[in-house]
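The values are calculated or read from the model by the stated rules, or taken from the named source; none is laboratory data. Since the model is a prediction, treat every value here as computed from it, not as a measurement. All Cβ positions, even for glycine, are placed from backbone atoms using ideal geometry, and neighbour counts span all protein chains on display. The protein model used for the area step is the full one, side chains on, heavy atoms only, and it has no ligands, DNA or RNA in it. Shrake-Rupley method; radii C 1.70, N 1.55, O 1.52, S 1.80 Å.
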Amino acid sequence: LLVHQRHLRDFIYVTDVAAAFVKAAERVREPGVRGGAFNIGTGVGTLLDDLARLVRDRSGMAEQIAVQVADTPAERREEVYATTELARDALGFTPAVALPEGVARYLDWLRAELAAEGAR
């Protein structure tokens, strides 16, 4: 597997996003509270090649797949991750699922879906 860019991205598990929406909906129902915009994320950037290695390792494919990074020294690395202080302070939101656990949960779900599809 060749990763072309070493950019940083903020990956958050879907149940954490849903929990943030619930907290926001509850908060705006309070008297005198106005809606606003909140960044929902972990506040942690993960390199794309690190994510590829994590998925590879958690999928049990570590022996079959090598992760390499393309050498693009002139390319500027992008760092895109959420600033989460406002969501934490105003909503009391903090993500509960760390990236390795989220990847493991997703792979478990995917395996079950593929098995069900194969049984049809």
- Query: How much length is gained on full extension from Thr83 to Glu26, taking 0.36 nm per residue of separation minus their Cα-Cα distance?
  - Reply: 18.4 nm
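Express the carbon and sulfur contribution to the solvent-accessible surface of the chain as a percent, rounded to the nearest whole number, probe 1.4 angstrom.
Working: 4510 of 8270 Å².
Of the solvent-accessible surface of the chain, carbon and sulfur hold 55 percent.
Calculate for the chain the 222 nm mean residue ellipticity that helices alone would give, adding -39,500 (n - 2.57) per DSSP H run of length 4 or more and normalising by residue count, nearest 500 deg cm²/dmol. List each step's numbers first, then the result.
Details: 3 runs with 47 residues, N = 120.
Calculated from helices alone, the mean residue ellipticity at 222 nm is -13000 deg cm²/dmol.
For the chain, the longest stretch holding no GluC sites (Glu not before Pro) located in a DSSP loop with at most 13 other Cβ atoms within 10 Å is which?
Longest site-free region, per DSSP loop and neighbour criteria: 1-62.
With a cap of 13 neighbouring Cβ atoms within 10 Å, and only residues DSSP puts in a loop, list the trypsin sites (Lys or Arg not before Pro) found in region 37-89.
Details: sites: Arg53, Arg56, Arg58, Arg76, Arg77, Arg88; in loops: Arg76, Arg77.
Hits after loop and neighbour filter: Arg76, Arg77.
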- Longest principal axis of the chain (C-alpha) makes with the long axis of helix 99-119 (C-alpha) an angle, in degrees to the nearest 10, of 70 degrees
- Under a 5 Å amide H to amide H cut-off, with H placed in plane at 1.01 Å, what residues pair with Asn39 once short-range neighbours are removed? Ala87
- Task: Report, by chain and number, residues whose modeled amide H sits under 5 Å from the one on Thr46, excluding near sequence neighbours (fewer than 5 apart, same chain).
- Result: Arg9, Asp10, Phe11
- Note on the structure: For Arg111 and Ala96, extending 7 Å from Cα along the Cα-Cβ vector and measuring point to point gives, in nm, a value of 2.3 nm
- Suppose R0 equals 22 Å; then what is the FRET efficiency for Asp57 and Ala119 from their Cβ-Cβ distance, rounded to the nearest 0.05? 0.20
